[in-house]
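Colleague: I have a structure here, written as structure tokens, and I will follow up with some questions on it.
A short reminder: the numbers here are calculations on the coordinates, not readings from a lab. These numbers come from a predicted model, not from an experiment. Every residue, glycine as well, gets a Cβ built from its backbone with ideal geometry; the counts of neighbours run over all protein chains shown.
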Amino acid sequence: FYLGYGLQRYVNGGRTVRAIDALAALSGNIGCSGGGVFYAHQYHKENLNSLLLPPGNYQNRTFPHATLAAELLKKENEPRPELAFVTRTNPLVTQPDTDLWRKLWSAIPFKVTLERRWSETALQSDLVLPVTTIFEEEDLLATSWSTFIHYARPILKPRGEARSEARIFTELAQRLGLQAYFPYTPTEWLEYILEPWREAGLTLENLRQGPLRAPYIPQVAWQDKKFRTKSGKIELITKEEFLSTEDGPVENYFRQIGLAGSNLFSTTREGYGSVNYDAKSSGKSDEVLIEKSNVNTHEYSHDNNIVDIGAKIDERINENIDENSAELQALNSKIFDFSSYTGRKCQVKKRAKEHCYVLLTPHPDMALHSQFQEEEIIRAYLHPATAAYQGIADGDEIVVEGEKGEIIATAVLTPVIHELTIVIPEGCTVQAVGVNNLIPGRLSSMGENTAYYDTFCWVRRREKKDNKQR
């Protein structure tokens with residue numbers, strides 16, 4: 001099983017991956033050639049030398065990407081940052097909740113950015129240090145998606161005062177009195193990284209002759225059937241995780257993305273099975289006993305489907321029923337209301353043509369996050385049926401409103417996406433307006449990922465009053 005990049009972009013993404021893992025395990029496809037579940041690995045990080053200072057030589061605080069700006073702006077999180085040092089990212093565009101990031105950025109007294117182009121973060125920095133591109137420096141290429149390590153040789157001379165990041169950090173460490181920890185030249189750093197596997201032939205000299213398969217990555221994962229769990233076996237779910245969910249998985253999922261109380265789904269509590277954990281009677285400390293497993297009770301309440309509700313509302317309004325009538329108020333109450341958890345008054349209106357869509361923000365085909373992506377416009381992809389329903393034509397300027405703001409985009413009609421989705425590839429315009437203006441900093445339930453895809457939006461044709469990007 002090869003997993004796509006988008007699975008972890010949901011609040012429930014970790015559980016989805018676990019379900020796929022369980023399918024592979026239960027079907028006997030773990031530890032065998034051609035089997036397994038693969039997204040990415042951590043072998044390089046675990047086996048090559050680290051460039052970090054030794055533990056105890058520095059203090060640090062860590063926060064998830066999704067909530068970093070919010071956490072650093074909290075009064076109780078002292079000390080407040082006095083200096084920002086940014087490399088290999090463009091947070092004023094690529095991080096969720098762009099407006100909050102700009103607020104944080106303006107509150108930091110001195111900002112330094114290492115960049116090879118004038119990104120929005122570089123433009124808003126006090127000091128910009130130019131760095132070399134991959135074509136101007138010697139480096140190693142090793143990713144979490146490959147078992148091979150490649151050597152990158154420079155083919156161009158650095159332009160102007162551009163330096164490699166390795167050289168910048170080494171010279172900076174020497175000026176700060178940390179030269180004992182950063183004593184190498186850029187080439188010596190590469191040799192130091194590979195040092196643990198010199199005897200296995202993984203050397204800079206050999207890599208210059210061609211790519212090498214990392215000797216620490218097994219040909220078949222888990223072939224010995226020994227797993228890094230307390231029991232040494234595959235554990236599909238732990239006791240603590242199973243018992244920590246008061247409601248069923250559907251209710252718990254909607255609670256995490258802020259839709260607690262939504263009537264979108266109807267479930268029967270008994271259907272999830274009653275849980276009786278009794279370590280003494282089972283004799284196994286990690287066993288969960290399911291006394292009742294009639295789990296096929298997730299009944300999708302069709303009357304509460306947001307499209308059908310909207311259609312009913314339209315139908316009743318067309319019959320000249322008072323929009324403030326109890327009947328229409330009851331229907332409207334079943335449509336999502338985000339105002340209770342986003343802090344932004346963002347209710348779905350009564351008319352079906354203004355109902356919400358799922359906003360998806362995949363990687364663009366020819367760009368990397370915000371790099372090589374600066375264009376004059378943002379393109380929003382809609383299904384033709386969706387566009388017709390909203391009165392939008394191909395090429396129209398539209399307003400896309402999310403939980404954190406709104407942006408102006410150009411509509412592109414395509415039949416290859418779902419009718420209830422709006423797709424806007426990540427990136428930004430030359431004015432540094434990007435889709436992350438719409439996305440809140442919401443955490444996934446596992447792994448501290450950003451739940452980019454658990455975002456809803458509204459679309460409409462742009463009117464004269466919509467005269468600016470927000």
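Colleague: Under 12 Å from the Cβ of Leu83, count the other residues' Cβ atoms, weight Lys and Arg +1, Asp and Glu -1, and hand me the total.
Modeller: 0
Colleague: Which of Cys356, Cys32 comes first, and how do the rest follow, when ranked by fewest Cβ neighbours within 10 Å?
Modeller: Listing Cys356, Cys32 from fewest to most nearby Cβ atoms yields Cys32, Cys356.
Colleague: Under a 5 Å amide H to amide H cut-off, with H placed in plane at 1.01 Å, what residues pair with Leu382 once short-range neighbours are removed?
Modeller: Val412, Leu413, Thr414
Colleague: Still on this structure, I have one more. What does the net charge come to around Thr361 if you take all other residues with beta carbon closer than 10 Å to its beta carbon, with K and R at +1 and D and E at -1?
Modeller: 0
Colleague: If we count other beta carbons within 10 Å of each Cβ, what is the order of Val93, Val423, Val220, fewest first?
Modeller: Val220, Val423, Val93
Colleague: Something else about it: Please report the net charge: other residues with Cβ closer than 9 Å to the Cβ of Ser444, K and R +1, D and E -1.
Modeller: Cβ neighbours under 9 Å give a net charge of 0.
Colleague: Related question: Using the number of other C-beta atoms within 10 angstrom as an exposure proxy, rank Leu443, Leu83, Leu359 with the fewest first.
Modeller: Starting with the residue having the fewest Cβ neighbours, the order is Leu83, Leu443, Leu359.
Colleague: On to the next question. Each residue of region 84-89 in order: what ³J(HN,Hα) in whole Hz does its phi give by Karplus 6.51 cos²θ - 1.76 cosθ + 1.60, θ = phi - 60°, with x for Gly and Pro?
Modeller: Taking θ as phi minus 60°, the curve returns 10, 10, 10, 9, 6, 7 Hz for region 84-89.
Colleague: Also, quick follow-up: Among 360-366, 222-228, how do they line up from the highest to the lowest mean number of other beta-carbon atoms within 10 Å?
Modeller: Descending mean neighbour count gives 360-366, 222-228.
Colleague: When a/c is below 1.5 the answer is rounded, else prolate if a/b is larger than b/c, else oblate, so apply that to region 177-233 with a ≥ b ≥ c taken from the square roots of the Cα gyration tensor eigenvalues.
Modeller: Oblate shape, in that a/c is at least 1.5 and b/c is the bigger or equal ratio.
Colleague: OK, next. Residues with amide H under 5 Å of Tyr216's amide H, sequence separation 5 or more or different chain, H placed in the peptide plane at 1.01 Å from N; which?
Modeller: none
Colleague: Calculate the spin-label point distance for Glu448 paired with Ala393, positioning each point 7 Å from the Cα along the beta-carbon direction, and give it in nanometres.
Modeller: Using points 7 Å along Cα→Cβ, the separation is 5.1 nm.
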